[in-house]
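The values are calculated or read from the model by the stated rules, or taken from the named source; none is laboratory data. Just so it is clear, the model here is predicted, and its values are computed rather than measured. Virtual Cβ from ideal backbone geometry, glycine too; neighbours counted across all protein chains shown.
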Amino acid sequence: MPVTPADLPSVAEVGRGPRLEAPSPSSGHPREGGDLSRPPFGFRPDVVLPGGRGRTGVISTPHGEIRTPAFIAVGTKATVKAVLPESVAAVGAQAVLANAYHLYLQPGSDIVDAAGGLGAFMNWPGPTFTDSGGFQVMSLGVGFKKVLAMDTVGLANDDVIAEGKQRLAHVDDDGVTFQSHLNGDKHRFTPEVSMRIQHELGADIMFAFDELTTLMNTRGYQERSVERTHAWAARCLAEHDRLTAVRSHRPYQALFGVVQGAQYEDLRRLAARDLAALEVSGRAFDGFGIGGALEKENLGTIVGWVTDELPFDKPRHLLGISEPDDFFAAIEAGADTFDCVMPSRVARNGALYTPNGRFNVVTAANRRNFAPIDDECDCYTCAHYTRAYLHHLFKAKEMLASTLSTIHNERFTVRLVDDIRASIETGDFDAFRTEFLGRFYSGRR
Ligand SMILES: [Zn+2]
């Protein structure tokens, strides 16, 4: 059946993302969005998995609710690369996470503030997150990025994090001095600076400034790092409390403490317990991030140590995972929200997810394949385009290749986490995990 333009659905017809509204023509001021009359922030756990850790729930923010577990789309520089906010909503993403380091350097957090905050600036009316910038200031240094990619041959222990002449970042007890990856300019981040930047960016959920370590660091370094991160967490809470009072004209921004401790059970539990108990001027963390190096094979175990020590009625965000087996393990262990650049990053290289695993549409096998990426997928790309067309777009280096591929991979990832949530609600979590992972990792495509 031929498709005419009239048949094309609005991209907003699919998914359950926030509804985008046109800017008010009568207002000459930037739209701040957010509703000052709503309860500022909250989390309500709902159905709990047998085992007592994994759960569904609802996070409330001034810009709307997030039903958890949920995958949060990454918009590092206030854009989910290659796609319109309407498409981000159409794939069902409930929230977007941007990065404080990148937006501080460009265009400057003061400009985002003047625009009315991150959501108004990027035309995303739903909930937003920013991460603290800690990961970037400590990982974008020369040589260090390679180490993070696990290319650790010839490097020992603390060499990867200790002061180094080739590194762009230098960590001390007060903060981090680093050089911009854009032009080499020197900057300094402290807990107070990160809080100021994140308040200016105005996201609904922010993260405390923490120190990044890797699995390569020695036990002694990890111990000192947990102490340092705890001290920084207290300074973040104090500055957050001050800025919240000063900026009372803005919707409330929630602050999550970040649990470090690498692969050590005692350090992870201690860090989680201490952050959960931390109060400054009567203010505690609204939720928690689980950060740092996680061994894939122990992911669920490590997340479980942490969630055991955290209050059940506060949300937990796990930074940086996107593989299907990792979602199941982390959700069962009690993580609620996730973000990862991977689905959109690999999409721009032609790597696409299907229920039968990942494949690359740029390979010659797809040249004459007139089937959709995934005939079970409800995304805009799969409804209207073939593998052969995507293959052509990538070969011809057309920009639309990235757009269509990103829409599919983001939809796949958001829907997987949505389906896991549904399986918890219906009591089918274990059966769904067995079925999904069995098929995904069986190698059939
Ligand atoms: Zn699709």
Tally of residues being free of Cβ contacts under 8 Å to residues at least 12 places away in the same chain and within 23 Å of Ser60 (Cα to Cα) across the stretch 76-127: 0
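One line per residue, one yes/no per condition, for (1) closer than 21 Å to Arg415 by Cα; (2) at pLDDT 95 or above:
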{"site": "Gly15", "(1), (2)": "yes, no"}
{"site": "Gly34", "(1), (2)": "no, no"}
{"site": "Ser60", "(1), (2)": "yes, yes"}
{"site": "Lys81", "(1), (2)": "yes, yes"}
{"site": "Val96", "(1), (2)": "yes, yes"}
Members of the stretch 366-381 found to be surrounded by fewer than 22 Cβ atoms within 10 Å (Cβ to Cβ), in contact (Cβ under 8 Å) with a residue 24 or more places away in the chain and within 11 Å of the ligand (Cβ to nearest atom), listed by number: Asp374, Cys377, Asp378
Residue check for Leu275: crowded, with 24+ Cβ neighbours inside 10 Å, closer than 15 Å to Pro191 by Cβ and among the hydrophobic types (A, V, I, L, M, F, W, C): yes
Residue list for the stretch 95-120, restricted to those being within 10 Å of Leu201 (Cα to Cα) and buried (at least 24 other Cβ atoms within 10 Å of the Cβ): Ala98, Ala100, Leu103, Tyr104, Val112, Gly117, Leu118, Gly119
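This table checks each residue for (1) modelled with pLDDT under 95; (2) more than 15 Å from the ligand (Cβ to nearest atom); (3) closer than 18 Å to Ser87 by Cβ.
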| residue | (1), (2), (3) |
| --- | --- |
| Thr354 | no, no, no |
| Thr363 | no, yes, no |
| Leu437 | no, yes, no |
| Ser442 | yes, yes, no |
2 or more residues over 16 Å from the mean Cα position of the chain (by Cα) and among the acidic types (Asp, Glu): qualifying helices (runs of 4 or more DSSP H) within the stretch 79-124: 109-114
Scan of the stretch 348-369 for residues that are assigned to a loop (DSSP other than H, G, I, E, B), closer than 24 Å to Tyr441 by Cα and over 23 Å from the mean Cα position of the chain (by Cα), ordered by number: Asn356, Val361, Val362, Thr363, Asn369
Conditions (1) surrounded by fewer than 16 Cβ atoms within 10 Å (Cβ to Cβ); (2) polar (S, T, N, Q); (3) closer than 23 Å to Val83 by Cα; number of the one not met by Thr413: (1)
Extreme residue, nearest to Ala254 (Cα to Cα), among residues of the stretch 138-196 that are modelled with pLDDT of 80 or more and among the acidic types (Asp, Glu): Glu192
Restricting the stretch 125-137 to residues that are part of a loop (DSSP other than H, G, I, E, B) and modelled with pLDDT under 95, the residue that is farthest from Ala208 (Cα to Cα): Gly133
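Only one of Ser405, Ser322, Ser344 is within 11 Å of the ligand (Cβ to nearest atom) and under 20 Å from the mean Cα position of the chain (by Cα). Can you tell me which?
Ser405
What tally of residues in the stretch 382-400 results from selecting those that are assigned to a helix (DSSP H, G or I) and within 14 Å of the ligand (Cβ to nearest atom)?
Residues in the stretch 382-400 being assigned to a helix (DSSP H, G or I) and within 14 Å of the ligand (Cβ to nearest atom): 6 in total.
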